[in-house]
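Trainee: Mind looking over this structure? Questions follow.
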2 protein chains.
Amino acid sequence: MFTIDYSNDKDFELRSKRPAAKTDDIIPVVKSVLEEVKNKGDKAVRELTLKFDKSCPKELLATAEELDAAEKEVPEDLKKAILIAKNNIEKFHQSQIITERKKITTSEGIECWQKMVAIEKVGIYIPGGSAPLFSTVLMLAIPAKLAGCKEIVLCSPPRSGGSINSVVLYCAKLLGITKVFKIGGAQAIAAMAYGTETVPKVSKIFGPGNRFVTVAKQLVNSCETAIDMPAGPSELAVVADKNTNAEFAAADLLSQCEHGPDSQVGLFVSDEDKKNEIIAEAERQLELLPRKDIAQKAFALSFAVVVDSNEKAIELTNIWAPEHLILATDDAEILAEKVINAGSVFVGKYACESAGDYASGTNHTLPTNGAAKAYSGLNMDSFMKKITFQTISENGIKKIGNAIETMAAAEQLDAHKNAVTVRLK
Amino acid sequence: MFTIDYSNDKDFELRSKRPAAKTDDIIPVVKSVLEEVKNKGDKAVRELTLKFDKSCPKELLATAEELDAAEKEVPEDLKKAILIAKNNIEKFHQSQIITERKKITTSEGIECWQKMVAIEKVGIYIPGGSAPLFSTVLMLAIPAKLAGCKEIVLCSPPRSGGSINSVVLYCAKLLGITKVFKIGGAQAIAAMAYGTETVPKVSKIFGPGNRFVTVAKQLVNSCETAIDMPAGPSELAVVADKNTNAEFAAADLLSQCEHGPDSQVGLFVSDEDKKNEIIAEAERQLELLPRKDIAQKAFALSFAVVVDSNEKAIELTNIWAPEHLILATDDAEILAEKVINAGSVFVGKYACESAGDYASGTNHTLPTNGAAKAYSGLNMDSFMKKITFQTISENGIKKIGNAIETMAAAEQLDAHKNAVTVRLK
């Protein structure tokens, strides 16, 4: 962890700048994967799966038997934990659905309102790896179910034996997702974006992934498929002062460092001694971690910045716009009011970032790489659209008609004007 | 207008498919514009403006004097109309801001909530042309102001004399926008995405534009700048039955046709005679339009489809997912309940689409090209983020801690687990 000495905010902004992700080199290969799947459907998916995953499952769709068998493999204590998480995530996300349609009378005889409607068909991507993140199934499928999405498709890469991790399957089954496909990488994104003989075409694709998946999502997004948000390495900022518990803060910093060697954490601290104490404690804890090699690399690339007040710390985190922000100070609730740019904020000493990753109820799919300046984390809005409606009475159009005619004429759009004129006659 | 005969829903979907926009040919030139502005700032903006707009204004920023002078040029009746529109748009958009922070106790000792916070810096693009669409200034700047965006930058291409249309300037002044730049095309998008010596860098860019602007927005979006939504030609669907007023329906269809030769309208009608009546009436009205040449081309590319019930009409519009949807039937309010995919819905015979374009209060920036399946039209969410917050008490972490530890261990993320363990000790 290095210390950023900065002369002013602009200087801090420059010094805390994240390294740019390089993707130009893989765009051609991803483009060709997309084209192949678009043109040849399942046949291309099978060929690409064989090529990239070394073997291709006989059936791309996981069977009901596989889902049932997976359920039996998951230990009881993990099932209990997952049910606790599910309950909390459901409660928080359910609360975000606006069922009431506030009809606004904008002027006499005119009523306008919004209605939240589920996106009909959504796709979820869950990456593979030695320990696939089943928690992401909960974070994506629970809001999709609550929204009322009619078709939920889940893709995840097959392991060498052609199966998918049993906890991922268990979570899918628990949430009533029946279309689980053993397809990974850019070919999975292509299959969901264009549809194949077996994989339904969806309107929006969610979920994390490697560089190939990320680029594939970007490319299909520039055509006609919506995506959740731009993806980047995980991040965490901790705001600390002289009273912060160094053991907690160090553990929090390392929890993000273990995600990957390119994860980034920042410590914003108003006390030089505390900074040193937290760093020393983190180095002590680092030694004990199974994923020490990864965490160490990320920790080395991470920064601490000493500020002269907790308020100044928030000014700087607002510039950095972290994915996760932990306020580990006694005045955390006051500081929380000043947060402008962050994905998810953890207020107070017991609110660790892990809680939000798994079970407290908030979503863990959040904007990274400074995207928190313009993007929200995943929430019910991500799975629903707000359609606007309006009714206009005969009296309403009489009252407002001339204004519309005048504006349409000034924009030289006479047919627009005429649509009012015929109604005023 | 041609008639689609369809055998089933899938067949209708294929036959009503929109032509794909071709942009590959201009990507290289747009990329080079972006690179130049990124590297050379204002100097590149000036060179590119001279190249594409034939002359470059002495000052890129419109002065206070220019804004004042523009105000004097706008006729009083147009000012009055604009104020009526402004008032209605403000009322409807203000109603969408959620100030209340509903704190949800997801489980004992854990509170989670969302807070709507303005995006700090936003950019607005207003295209040029013989009659620039000042109404778009209202539709973009009013919600930006209501949201509380601190920096609002507006770019619009300079006319041959180096000035910007006075109604556009008047609307900007009316809404308190002081940073109006005389820059157009891809160079404007680049200036706002990267920032230059005079143009502030923004986090999100809004507004319509030609192919170059659209591609530039897509390209900066794949890096770090958010954009409002994918852009495409304007669209309108009208649902009609035997009682529909043909004169109104014809005028509505033509109002979208006049936008451009690639605009598309669709008539979904449950009565063959009414179909013929509406088409004949549209052809009659078409002759009288100043923009007849444009509207005629769009009308020729547009379709009518005869259905056996009004409900079936809605099933098909849900497949087509139009930007604008007019329900011109007596049972419009019942049909409105069945709408799943549309940008903005106009319910009943007096609710013409022009009303929503200008003055009724709803936003006119809406998803086109079928994007209504996954995207909302512009609303307050577009200018604000929802940040999640959580507090966890000592008791709260004790209650939920084990579940988090179990899940983190199952994902082999021991540092995540440890962040809880240190707090449970």
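Trainee: Loop only per DSSP, at most 14 neighbouring Cβ atoms within 10 Å: give me the trypsin sites (Lys or Arg not before Pro) in the range A:156-256, ordered by residue number.
Mentor: A:Lys242
Trainee: Please grab the % of Cα pairs in the range A:181-292 that end up more than 20 Å from each other.
Mentor: 55 percent
Trainee: A further question follows. Taking A:Leu50 in one copy and the same position in all the others, each labelled 7 Å out along Cα→Cβ, what are the pairwise distances from the first, in nm, shortest first?
Mentor: 6.0
Trainee: Another question, if that's okay. Please state the Cα pair-distance histogram of the range A:36-112 with 10 angstrom bins from zero: what percent is in each bin?
Mentor: P(r) over the range A:36-112, rounded to whole percents: 13, 18, 19, 24, 14, 10, 2.
Trainee: Cα-Cα over 26 Å: which of B:Lys204/B:Lys373; B:Lys80/B:Lys338; A:Lys31/A:Lys51; B:Lys79/B:Lys204?
Mentor: Correct reply: B:Lys80/B:Lys338; B:Lys79/B:Lys204.
Trainee: Chains A and B: how much accessible area gets covered up at their contact, both sides added, probe 1.4 Å, in Å² to the nearest hundred?
Mentor: Chains A and B together bury approximately 10300 Å².
Trainee: Against the globular-protein guess of 2.2 N^0.38 Å, express the Cα radius of gyration of the range B:297-390 as a ratio, rounded to two decimals.
Mentor: Output field value: 1.23.
Trainee: Follow-up question, since we're still on this one. Considering only C-alpha atoms, what is the centroid distance from the range A:1-72 to the range A:336-350, in Å?
Mentor: Measuring centre to centre over Cα atoms gives 30 Å.
Trainee: Now a separate question. Just reorder A:Tyr375, A:Tyr170 by solvent-accessible area, largest first, 1.4 Å probe, all chains present.
Mentor: A:Tyr375, A:Tyr170
Trainee: Once the label point is set 7 Å along the Cα-to-beta-carbon vector, what list of distances in nm do you get between B:Glu100 and its counterparts in the other copies?
Mentor: Sorted ascending, the copy-to-copy spacings read 0.5 nm.
Trainee: While we're here: What whole-number volume per residue, in cubic angstrom, does the convex hull of the C-alpha atoms of the protein assembly as shown give?
Mentor: Residue-normalised Cα hull volume stands at 153 Å³.
Trainee: Which percent of Cα pairs goes in each bin when the distances of the range B:148-198 are cut into 5 angstrom slices starting at zero?
Mentor: 5, 18, 29, 24, 18, 4, 1
Trainee: Pull up all non-local amide H partners of A:Thr368: gap of 5 or more, or a different chain, and H-to-H distance under 5 Å with H placed in the peptide plane.
Mentor: Here the answer is A:Gly232, since their amide H atoms fall under 5 Å of that of A:Thr368.
Trainee: Now for a different question. Nearest to the axis that maps chain B onto chain A: list the chain B residue whose Cβ wins, with the distance in whole angstrom.
Mentor: That would be B:Asp381, 3, residue then distance in Å.
Trainee: Still on this model: Which of A:Ser160, A:Pro233, A:Ser222 sits farthest toward the positive end of the charge dipole of the range A:144-246, with +1 on the Cβ of Lys and Arg and -1 on the Cβ of Asp and Glu?
Mentor: A:Ser160
Trainee: In addition: Taking the Cα centre of chain A as origin, sum charge times position over the Cβ atoms of Lys and Arg (+1) and Asp and Glu (-1), and report the length of that vector in debye to the nearest 20.
Mentor: Rounded to the nearest 20 debye, it is 1960 debye.
Trainee: Another question, then. Tell me the per residue accessible area of the protein assembly as shown using a 1.4 Å probe; a whole number in Å² is fine.
Mentor: For the protein assembly as shown, the solvent-accessible area averages 37 Å² per residue.
Trainee: Identify the trypsin sites (Lys or Arg not before Pro) of the range A:299-354 meeting these criteria: DSSP loop state and at most 14 other C-beta atoms within 10 Å of the C-beta.
Mentor: Within the range A:299-354, the qualifying trypsin sites (Lys or Arg not before Pro) (loop, at most 14 other Cβ atoms within 10 Å) are A:Lys338.
Trainee: Sorted from largest down, what three extents in whole angstroms do the Cα atoms of the range A:50-166 have along their principal axes?
Mentor: Its Cα atoms span 67, 36, 23 Å along the three principal axes.
Trainee: Once you have the alpha carbon radius of gyration of chain B, what is it after dividing by 2.2 N^0.38 Å, with N set to its residue count?
Mentor: Relative to the 2.2 N^0.38 Å estimate, chain B comes out at 1.14.
Trainee: What do you get for Rg/Rh over the range A:353-425 if you use C-alpha atoms and the Kirkwood form of Rh?
Mentor: 1.37
Trainee: Binned at 10 Å from 0, what are the whole-percent values of the Cα-Cα distance distribution for the range B:386-425, short to long?
Mentor: 31, 47, 21, 1
The values are calculated or read from the model by the stated rules, or taken from the named source; none is laboratory data. Please read all numbers here as calculations on a predicted model, not as lab measurements. Every residue, glycine as well, gets a Cβ built from its backbone with ideal geometry; the counts of neighbours run over all protein chains shown. What goes into the accessible areas is simple: the full protein's heavy atoms, side chains included, and nothing from ligands, DNA or RNA. Shrake-Rupley method; radii C 1.70, N 1.55, O 1.52, S 1.80 Å.
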